Amino acid sequence: MIRAVLFDLDDTLFDHAGCARDALAATQRCHRSLSAMTFDALERTHATLLEELHADVMLGRVPLEEARRERFRRLLAVCGADVDDDLAAHVASTYRDAYLGARRPTAGTAALLAAVKQRARIGIISNNLLEEQQEKLRVCELESFVDALVVSEVVGVSKPDPEIFRVALDRLHCPAPEAVMVGDSWTADIAGARAAGIRAVWFNPTRVPRPEEAPVPQLHAFEPVSEAMKVIFGAHRH
């Protein structure tokens with residue numbers, strides 16, 4: 001019997017990739033210095049820089065705002081712009097404002113959480129900052145569904161470390177065999193959950209190839225909710 005369902009937040013319940021794409025497009029339109037690259041190339045470079053600097057933020061090496069400015073300083077440099085601190089700060093601010101305005105959940109998230117809530121407790125495990133993730137849940141009107149929000153900033157370890165999964169289970173008063181984890185990252189969410197003894201469901205909306213052969217069911221969308229519920233609660237496996 002499943003008593004707790006754990007979810008990743010970014011690119012699982014929250015459409016981070018879509019928000020970032022919209023914000024970057026708006027930023028490119030506002031700043032000619034970014035037009036030297038095609039949007040696809042700009043998006044790939046931005047995603048790489050974001051991932052690199054996010055690790056430093058999570059480890060407390062760099063404040064979030066400083067990391068954002070540095071990300072756009074590097075992105076502008078790749079585009080061949082003559083970068084100074086003011087330009088980097090201005091472009092970073094444009095992006096941030098656009099990202100905040102674009103925040104939205106993944107399609108079907110609210111309906112899915114409402115359905116899950118009728119059968120199990122809900123936890124979120126995220127490699128991010130507490131305030132940032134609380135705000136996303138508030139803006140997306142998802143916070144009322146969540147029984148436990150566990151973030152790496154507070155716990156001191158990140159997925160895939162099994163410890164952060166154990167913290168979530170403790171807060172939900174649920175043993176590992178009675179929980180399931182749903183997330184988009186094979187390394188962080190799927191491998192991490194399985195290492196903690198938790199059944200995992202891979203959220204794979206872009207249908208990328210499975211990294212390894214493993215008995216892990218997949219979800220490609222949260223709609224229709226009835227089908228997603230069958231996969232999460234084990235009625236059938238994809």
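State which residue is modelled with the lowest pLDDT when the search covers only the stretch 211-223 and only residues that are in contact with a helix residue (DSSP H, G or I) (Cβ under 9 Å, 6 or more places away or on another chain) and open to solvent by 70 Å² or more (accessible area, probe 1.4 Å).
Just the residues of the stretch 211-223 that are in contact with a helix residue (DSSP H, G or I) (Cβ under 9 Å, 6 or more places away or on another chain), to begin with: 211-212, 214, 216-219, 221-223.
With the extra rule that they be open to solvent by 70 Å² or more (accessible area, probe 1.4 Å), the set shrinks to 211-212, 223.
Numbers: PRO211: 90, GLU212: 85, GLU223: 98.
My answer is GLU212.
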For the subset of the stretch 124-136 comprising residues that are among the hydrophobic types (A, V, I, L, M, F, W, C) and open to solvent by less than 10 Å² (accessible area, probe 1.4 Å), which member is farthest from VAL154 (Cα to Cα)? ILE124
Residues (open to solvent by 30 Å² or more (accessible area, probe 1.4 Å) and among the basic types (Lys, Arg)) located in the stretch 52-74: ARG61, ARG69, ARG73, ARG74
Output the residues belonging to the stretch 29-49 that are assigned to a helix (DSSP H, G or I) and either open to solvent by less than 40 Å² (accessible area, probe 1.4 Å) or of a type in the set (Val, Ile, Thr) (or both). SER33, LEU34, ALA41, LEU42, THR45, HIS46, THR48, LEU49
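Working only within the stretch 201-236, note down all residues that are within 16 Å of the chain's Cα centre (by Cα) and closer than 22 Å to GLN118 by Cβ. Before you say what the answer is, go through the steps one by one.
Going through the stretch 201-236, the residues within 16 Å of the chain's Cα centre (by Cα) turn out to be 201-206, 219-222.
VAL201, PHE203, LEU219, ALA221, PHE222, listed by residue number.
Say whether the condition of being in contact with a Cys (Cβ under 8 Å, 6 or more places away or on another chain) and in contact (Cβ under 8 Å) with a residue 40 or more places away in the chain is met by at least one residue in the stretch 111-127. Break it down stepwise before answering.
Filtering the stretch 111-127 down to residues in contact with a Cys (Cβ under 8 Å, 6 or more places away or on another chain) leaves 121.
With the extra rule that they be in contact (Cβ under 8 Å) with a residue 40 or more places away in the chain, the set shrinks to 121.
Checking the stretch 111-127: at least one residue is in contact with a Cys (Cβ under 8 Å, 6 or more places away or on another chain) and in contact (Cβ under 8 Å) with a residue 40 or more places away in the chain.
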How many residues are open to solvent by 70 Å² or more (accessible area, probe 1.4 Å) and out of contact with any strand residue (DSSP E or B) (no Cβ under 7 Å at 6 or more places or on another chain) when one looks only at the stretch 183-194? 1
With respect to MET1, determine if the residue is under 30 Å from TRP202 (Cβ atoms) and assigned to a loop (DSSP other than H, G, I, E, B). yes
Which one of the conditions (1) touching a residue at least 60 places away in the same chain (Cβ under 8 Å); (2) closer than 21 Å to ALA111 by Cβ does TRP202 fail to meet, given that it meets all the rest? (1)
VAL151 vs (1) free of Cβ contacts under 8 Å to residues at least 40 places away in the same chain; (2) under 18 Å from the mean Cα position of the chain (by Cα); (3) open to solvent by 20 Å² or more (accessible area, probe 1.4 Å): all pass except (3)
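Can VAL139 be described as open to solvent by 40 Å² or more (accessible area, probe 1.4 Å), closer than 20 Å to LEU112 by Cα and not charged (D, E, K, R)? Quick ask: steps written out before the conclusion?
Details: open to solvent by 40 Å² or more (accessible area, probe 1.4 Å): yes; closer than 20 Å to LEU112 by Cα: yes; not charged (D, E, K, R): yes.
In short, yes.
Just give me the residues in the stretch 75-123 being part of a loop (DSSP other than H, G, I, E, B), open to solvent by less than 40 Å² (accessible area, probe 1.4 Å) and either among the charged types (D, E, K, R) or within 18 Å of GLU135 (Cα to Cα) (or both), in sequence order. Give the derivation first.
Filtering the stretch 75-123 for residues part of a loop (DSSP other than H, G, I, E, B) gives 79-84, 103-104, 106-108, 118-120.
Filter once more, so that each one left must be open to solvent by less than 40 Å² (accessible area, probe 1.4 Å): 79, 81, 106, 108, 120.
Once the filter is applied, which keeps residues that are part of a loop (DSSP other than H, G, I, E, B), open to solvent by less than 40 Å² (accessible area, probe 1.4 Å) and either among the charged types (D, E, K, R) or within 18 Å of GLU135 (Cα to Cα) (or both), the stretch 75-123 yields only THR106.
Based on what the data block shows, is THR12 of a type in the set (Ser, Thr, Tyr), out of contact with any Pro (no Cβ under 7 Å at 6 or more places or on another chain) and surrounded by fewer than 17 Cβ atoms within 10 Å (Cβ to Cβ)? Explain how you work it out, then say what you get.
On the way: of a type in the set (Ser, Thr, Tyr): yes; out of contact with any Pro (no Cβ under 7 Å at 6 or more places or on another chain): yes; surrounded by fewer than 17 Cβ atoms within 10 Å (Cβ to Cβ): no.
Here the answer is no, as THR12 does not meet what is asked.
The values are calculated or read from the model by the stated rules, or taken from the named source; none is laboratory data. All of these numbers come straight from a predicted model, not from anything done at the bench. With ideal geometry, Cβ positions are generated from the backbone for all residues, glycine too; neighbour counts draw on all protein chains shown. Areas reflect the complete protein model, heavy atoms only, side chains present, ligands, DNA and RNA absent. Shrake-Rupley method; radii C 1.70, N 1.55, O 1.52, S 1.80 Å.
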